[in-house]
Each structure stands twice: as C-alpha cells, then as structure tokens.
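Undergrad: First the structure, which I've put down as structure tokens, then a few questions once you've had a look.
The values are calculated or read from the model by the stated rules, or taken from the named source; none is laboratory data. What you see is a predicted model; the values in this text were computed from it and never measured. Cβ placement follows ideal geometry from the backbone for every residue including glycine, while neighbour counts extend to all protein chains displayed.
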Amino acid sequence: MNYTLHQLATFLKVTQTQNITKAAEEMCLSQPAVSIQLRNFQQQFDVPLLEVVGRKIYITDFGKEIALAASRILEEVAAIQRLNQSYQGLLTGKLTLSVVSTGKYVMPFFLSGFVGLHPGIELSMDVTNRGQVWESLFRNEVDFALVSVMPDRLDLNSMDLMPNQLVWVRRKEQVGGDAFGLNVNLNESPLIFREFGSGTRVIMESFLEQRNIQFRKRLELSSNEAVKQAVMAGLGISLMPMIGIKDEVKQQKLEIIPIEGTPLTTHWKLVWRSNKSVSPVGKAFLAYLESEKTRIIEENFHLKEDSPPRP
C-alpha cells in the first residue's frame, strides 16, 4: 500500500461530512480534487470503503474501521509536529471555540494576530446557533465560546470583548418611496425573527414585550444572513446586529429605522466554564486578549471599546 497522509485526511473528512462537496469546502479544495484523492485511496483496497445510493454517501463497515485508523494516524502525526515545535520553543496545542452565528464578523479579528504570533497552534472554530454553543460548553467540548447573551444554567467566567449594537432595519427603497410608510409602526409592520433560542431573538422579544407591542410575525429564520436577505427582499423588518449589516447600509440596500429606544447595546463576551482547567494555549490567548483587545477594536471596528458607534 502506498497511501498518503493527504489521502487519509481527505477520506476522513468525507466520512465526517458524508458529502464530497462539503468535504471540499472545509478542506479548501475543489470537488474534483477530493474525488481524485478518494479514487486513488480506494484503489489500494479490495473492499469498498464507501457506497453511493442515489446522491447520498454511506460508509461501509470496513470504511468505518479505516476512518478510525486514519483518525488515530493523523492524531499521531499532529502530536509529532507539536513535539517538534515545542523543542523549537514554540507554543503548541489546540484552541477550540464555538461562536454564535453573528460572531463570525467578530472573532476572526481577535484570533488572527494570536495565531500569527504562535504558528504552532492548531485552531478550530465552530460557527453555529446559540443552543449548540451552550451544548458545546455544557459537554466541555470547547475551550471558549463567543456570545452576546449569557445563559442561566452554567457557571461561567467571562471577558468582555466589544459592544454589540442592534438596530431595526428595513429594505432601502431606491424608487417609489418607503415600503412601510414614513413612520414605522411595529404593531402593523411584518416582523422577521431569528429562530427560538437565538440571542438576537431574545433581545427582540424583550424589546417588544416591554413596550406591549402586539406584533405581526411574518417569518422565522435560522441565521442572520437569511434574515438579512429576507429584509432586503422586502418581506419585513427586523432587529439585527449592526456589525452584520454595515456594508448593506453603506450600499443603500438596507436602512436603519429610527425607532425610540434603539439602538440597543449588548456586549460580545468570551466565556468559559469556571471549573475548567484552562490549557497553556488558552491562558496565552486570554493574556493576548487582555493586552490587545482595545487595539484590535479600534483598528478593525473603528470604535472605542466603551463607546459604540451611532448608526
């Protein structure tokens, strides 16, 4: 047999995603490149590793055993690399984070400089919904999480990173006036919500409840990107984080609605379990944030840490 580490990694990723297109996206490869690696890998075995029924991939029992072996081999290779780097005086290890969906606009800026300083670090960042973030923390699967609304059920340590400003938005009408009238009435306007459990939805429902607004819900969507597209299509209005819509506002695809009591401001927080033993990599990351977060905010988000921008 003459299989390569790249073939092992490709096969393992396909078994994890059970989808060649997704595997290609996560590995930053083209779909044909993944297919070629799979074919070359399969040719070294007499027993099928995968079966394709319709358009769905199924892993054979033999394939599952090979995937387990591939995982162990790749872990050992990573351990050898970390050992080599540690002898060179480099900080090594893995940093794992779970980030709520809108946090994808925030967290990379706090990671890039740290990873640049410590090239021996392996980084894993899962961007998902708020419920999955809390589950990851609850099961102790991640080192840190990025959230804007804190939970009740976990005992957590936290670090404030930056303000998270939320505003009401609607489609910007280029011709023919305002889609909802000059004065927006939340009692009458069709509202677009995030899914149940979303931090943005919690804040939006609290805002409406405090003002006794009997709203008309038109849509419920599972991501801020989906909400943004629905608002731009003219399906309704919504409360959204400013950081995720600033480009569309500049391009006049969306406009901020000046509703009394807004903008609302929460804070992005990095959180971790209080009873967790933080790894050396985690401790180094926290120290980096303490010393650099103000500079990162001012350089990348054009605001002072304690002074959120006005829309």
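Undergrad: Given the criteria at pLDDT 90 or above, outside the structural domain of Val147 (by TED's automatic domain parsing) and assigned to a helix (DSSP H, G or I), does Ala287 qualify?
TA: Working: at pLDDT 90 or above: yes; outside the structural domain of Val147 (by TED's automatic domain parsing): no; assigned to a helix (DSSP H, G or I): yes.
Against the criterion (at pLDDT 90 or above, outside the structural domain of Val147 (by TED's automatic domain parsing) and assigned to a helix (DSSP H, G or I)), Ala287 does not qualify.
Undergrad: Can you list the helices (runs of 4 or more DSSP H) lying wholly within segment 196-270 that have 2 or more residues being in the same structural domain as Trp168 (by TED's automatic domain parsing) and touching a residue at least 40 places away in the same chain (Cβ under 8 Å)? Write out each step before concluding.
TA: Details: elements: 199-210, 224-232, 246-250.
Those helices (runs of 4 or more DSSP H) span 199-210, 224-232.
Undergrad: Within segment 185-220, how many residues are touching a Pro at 6+ places or on another chain (Cβ under 7 Å) and of a type in the set (Ser, Thr, Tyr)?
TA: Total meeting the criteria: 1.
Undergrad: Considering only segment 17-34, how many residues are in a helix (DSSP H, G or I) and in contact with a strand residue (DSSP E or B) (Cβ under 8 Å, 6 or more places away or on another chain)?
TA: Number satisfying all stated conditions: 1.
Undergrad: Given the options Thr102, Thr92, name the one that is more than 30 Å from Pro241 (Cβ to Cβ) and at pLDDT below 90.
TA: After ruling out the rest, the residue left standing is Thr92.
Undergrad: Next up: On the basis of being in contact with a Phe, Trp or Tyr (Cβ under 9 Å, 6 or more places away or on another chain), within 24 Å of Ser112 (Cα to Cα) and surrounded by 14 or more Cβ atoms within 10 Å (Cβ to Cβ), does Pro241 make the cut?
TA: When the stated conditions are applied, Pro241 passes them.
Undergrad: Looking at segment 120-143, I want the residues that are in contact (Cβ under 8 Å) with a residue 40 or more places away in the chain and within 14 Å of Val271 (Cβ to Cβ) and have a partner that is buried (at least 16 other Cβ atoms within 10 Å of the Cβ) and among the aromatic types (Phe, Trp, Tyr) with Cβ atoms under 7 Å, at least 6 apart or on another chain. Which pairs are those?
TA: Asp143/Trp272
Undergrad: Only one of these conditions is not met by Thr17: (1) in contact (Cβ under 8 Å) with a residue 12 or more places away in the chain; (2) surrounded by 14 or more Cβ atoms within 10 Å (Cβ to Cβ). Which number is it?
TA: (1)
Undergrad: Name the residue, out of Arg273, Arg201, that is under 16 Å from Val99 (Cα atoms), within 20 Å of the chain's Cα centre (by Cα) and among the charged types (D, E, K, R).
TA: From the options Arg273, Arg201, the qualifying one is Arg273.
Undergrad: Look through Leu239, Leu221 and report the one residue that is touching a helix residue (DSSP H, G or I) at 6+ places or on another chain (Cβ under 7 Å) and farther than 17 Å from Val184 by Cβ.
TA: Going through Leu239, Leu221 in turn, just one is touching a helix residue (DSSP H, G or I) at 6+ places or on another chain (Cβ under 7 Å) and farther than 17 Å from Val184 by Cβ: Leu221.
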